[in-house]
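The values are calculated or read from the model by the stated rules, or taken from the named source; none is laboratory data. Fair warning: this is a prediction, and the values are worked out from it, not measured in the lab. Positions of Cβ are backbone-derived with ideal geometry, glycine not excepted, and every protein chain shown enters the neighbour counts. Ligands, DNA and RNA are excluded from the accessible area calculation, which covers all protein heavy atoms including side chains. Shrake-Rupley method; radii C 1.70, N 1.55, O 1.52, S 1.80 Å.
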Amino acid sequence: MSSVKVSKANKFSLKLEKIAPDKSISHRCAMFAMLGSGTSEISNFLRAEDTLNSLEIVKNLGATVEDDGETIKISSDGIKEPFEILDCGNSGTGMRLFCGLLSSANGHFVLTGDKYLRKRPMKRVTNPLREIGAVIDGREDSNLAPLSIRGASLKAFDYESRIASAQVKSCMILAALRADGTCSYTEPELSRDHTERMLKGMGADIVVDGLKTTINPMKELLSPLTIRVPADPSSAFFFAVAAAITPDSDIILEGVTLNPTRIEAFKALERMGADISYELTDNRYEPIGDIHVKYAPLHGITVEDNISWLIDELPALSIAFACARGESIVKNAEELRVKESDRISTVVEGLRTAGIEVHEYKDGYRVVGGELKSATVDSDGDHRIAMSFIIAGLRCGMTVTDLECINTSFPNFFELLQKITSIELDIDERIKKS
């Protein structure tokens, strides 16, 4: 099993220019290009396992993909029935959004993934899709992949979701684009809104009114995408935490999306006492800019609102909790239990291994700030758990095992980490070459 030993960091002052491009937007660029006329041009596409799997699926669905290393051009004249099984790798976003995209396409499609993805629940998208006429089969009554989809005619819908999930919302919006009438989707709180922003930018008839999104079916193909994918704030946040927990340090994170639904974790870190500022540099499909994080003593907070806006960053934020004065509490985050791992359990177990007092609840946990101690933590195959505890090592030294998962979202993570501290990698050749 691969592992890394991280040394305690000294103070640092850095400007990071090569943060991983946004994973969520990269997935959507590949998929949404299938809905456009002409050729979509995408620069700064994330070349990580999950997003490259989405790109490969698009090829298998009949798109022409040209990649010169700088810009990816995608042309499509409609979704074709594939010869291959469509492998989403480790990506729940990929599988759930492709379910919506393919449910109304002509043909038979089979979606699968790695051993971790095949354990993740899919009924949250397959159930509402089946209710409007989609023909989907899978293990445990379509809850577990592999999933078999036979394209069908979809009915218009007025769907009220019980969970705030950008994946579920995006899936249903994609289904609505080819439904037989006007559709609406209402969520209990606003989730990340990349799908609405990007599709509206391509000319889709989508109206957002508070928590309700109304979608009219496409009358014709949409305009092609021309987009530079911004840096991923979920990836950038690991290094924001690094600066926030390392005395006398500061870091500038360049070219990050400043979408309000994506920087909630930074706002939580601000509430803990970190010194953070933002500079807007672009605002076409997404607001984009630089984030400057400076060290300051941290104190505990309660995180219970807008959970869907920072669900991916909670493991890294928990490292800040461990280094803060007082107690921090996470509530309303039961969604963490159905991510790449049960992230409530893996965060709690990892922090306890590192000497921190943690109390686990059904929908969250309570962290009593203290002194992190050097330990060995297993990531359980979860990239965000792996990177979070590697960042914890900057405070106390740490060994983290099972690192292959990092390649799914942040291939140059170790390259950037070495700008801060020394690391010893015991890692397989596949990761070394990434």
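Confirm whether residue 72 is closer than 22 Å to residue 228 by Cα, in a strand (DSSP E or B) and under 25 Å from the mean Cα position of the chain (by Cα). Show your work before the answer.
Details: closer than 22 Å to residue 228 by Cα: yes; in a strand (DSSP E or B): yes; under 25 Å from the mean Cα position of the chain (by Cα): yes.
Taking the combined requirement at face value, the residue satisfies it.
Identify the residue in the range 43-54 that is free of Cβ contacts under 8 Å to residues at least 60 places away in the same chain and open to solvent by less than 10 Å² (accessible area, probe 1.4 Å) and, among all such residues, is nearest to the chain's Cα centre (by Cα). Show your work before the answer.
Taking the range 43-54 as the starting set, the residues that turn out to be free of Cβ contacts under 8 Å to residues at least 60 places away in the same chain are 51-54.
Next, only the ones that are open to solvent by less than 10 Å² (accessible area, probe 1.4 Å) stay: 51, 54.
Working: 51: 11, 54: 14 Å.
Ranking the qualifying residues of the range 43-54, first place goes to 51.
Quick one: which of 81, 66 is assigned to a strand (DSSP E or B) and either farther than 29 Å from residue 212 by Cα or free of Cβ contacts under 8 Å to residues at least 24 places away in the same chain (or both)?
Numbers: 81 fails: assigned to a strand (DSSP E or B).
Only one candidate qualifies: 66.
Taking the residues in the range 335-355 that are at pLDDT 95 or above and open to solvent by 10 Å² or more (accessible area, probe 1.4 Å) as candidates, determine which candidate is farthest from residue 380 (Cα to Cα).
Among them, the one singled out is 355.
If the Cβ limit is 8 Å and pairs must be 6+ apart or interchain, which residue in the range 303-317 that is at positive phi and in contact (Cβ under 8 Å) with a residue 40 or more places away in the chain pairs with which residue that is open to solvent by 10 Å² or more (accessible area, probe 1.4 Å) and in a helix (DSSP H, G or I)?
If the second residue must be open to solvent by 10 Å² or more (accessible area, probe 1.4 Å) and in a helix (DSSP H, G or I), the pairs left are 306/264.
Please go through the range 392-419 and pick out each residue that is open to solvent by 20 Å² or more (accessible area, probe 1.4 Å), more than 21 Å from the chain's Cα centre (by Cα) and in contact (Cβ under 8 Å) with a residue 24 or more places away in the chain.
Within the range 392-419, 395, 396, 399, 401, 419 qualify.
Take the residues in the range 312-329 that are out of contact with any Ser or Thr (no Cβ under 7 Å at 6 or more places or on another chain), over 15 Å from residue 267 (Cα atoms) and among the hydrophobic types (A, V, I, L, M, F, W, C); name whichever of them is surrounded by the most Cβ atoms within 10 Å (Cβ to Cβ).
Out of the qualifying residues, it is 322.
Any residue in the range 282-302 that is closer than 12 Å to residue 229 by Cα and assigned to a strand (DSSP E or B) sitting within a Cβ distance under 7 Å of a residue that is open to solvent by less than 20 Å² (accessible area, probe 1.4 Å) and of a type in the set (Ser, Thr, Tyr)? List the pairs, counting only those 6 or more apart or interchain.
Listed pairs, sorted by first residue: 287/257; 288/257.
Would you mention how many residues in the range 131-172 are surrounded by 15 or more Cβ atoms within 10 Å (Cβ to Cβ), within 21 Å of residue 87 (Cβ to Cβ) and charged (D, E, K, R)?
1
How about the range 223-273: which of its residues are in a strand (DSSP E or B) and either open to solvent by 10 Å² or more (accessible area, probe 1.4 Å) or in contact with an Asp or Glu (Cβ under 8 Å, 6 or more places away or on another chain) (or both)? Walk me through how you get there before you give the answer.
So in the range 223-273, the residues in a strand (DSSP E or B) come out as 226-228, 231, 250-257.
Answer for the range 223-273, where residues must be in a strand (DSSP E or B) and either open to solvent by 10 Å² or more (accessible area, probe 1.4 Å) or in contact with an Asp or Glu (Cβ under 8 Å, 6 or more places away or on another chain) (or both): 226, 227, 228, 231, 250, 252, 253, 254, 255, 256, 257.
Scan the range 338-369 for residues that are assigned to a loop (DSSP other than H, G, I, E, B), touching a residue at least 40 places away in the same chain (Cβ under 8 Å) and under 23 Å from the mean Cα position of the chain (by Cα) and jot them down. Spell out the reasoning first.
So in the range 338-369, the residues assigned to a loop (DSSP other than H, G, I, E, B) come out as 339-342, 354-356, 362-363, 369.
Restricting the remaining residues to those that are touching a residue at least 40 places away in the same chain (Cβ under 8 Å) gives 339-341, 354, 369.
Selection gives 339, 340, 341.
Quick one: residue 175 ticks every box in (1) part of a loop (DSSP other than H, G, I, E, B); (2) modelled with pLDDT of 95 or more; (3) surrounded by 22 or more Cβ atoms within 10 Å (Cβ to Cβ) except a single one, so which number is it?
Single failed check for residue 175: (1).
Does the range 26-42 contain any residue that is in a loop (DSSP other than H, G, I, E, B), modelled with pLDDT of 95 or more, in contact with a strand residue (DSSP E or B) (Cβ under 6 Å, 6 or more places away or on another chain) and surrounded by fewer than 24 Cβ atoms within 10 Å (Cβ to Cβ)?
Scanning the range 26-42, I find no residue that is in a loop (DSSP other than H, G, I, E, B), modelled with pLDDT of 95 or more, in contact with a strand residue (DSSP E or B) (Cβ under 6 Å, 6 or more places away or on another chain) and surrounded by fewer than 24 Cβ atoms within 10 Å (Cβ to Cβ), so the answer is no.
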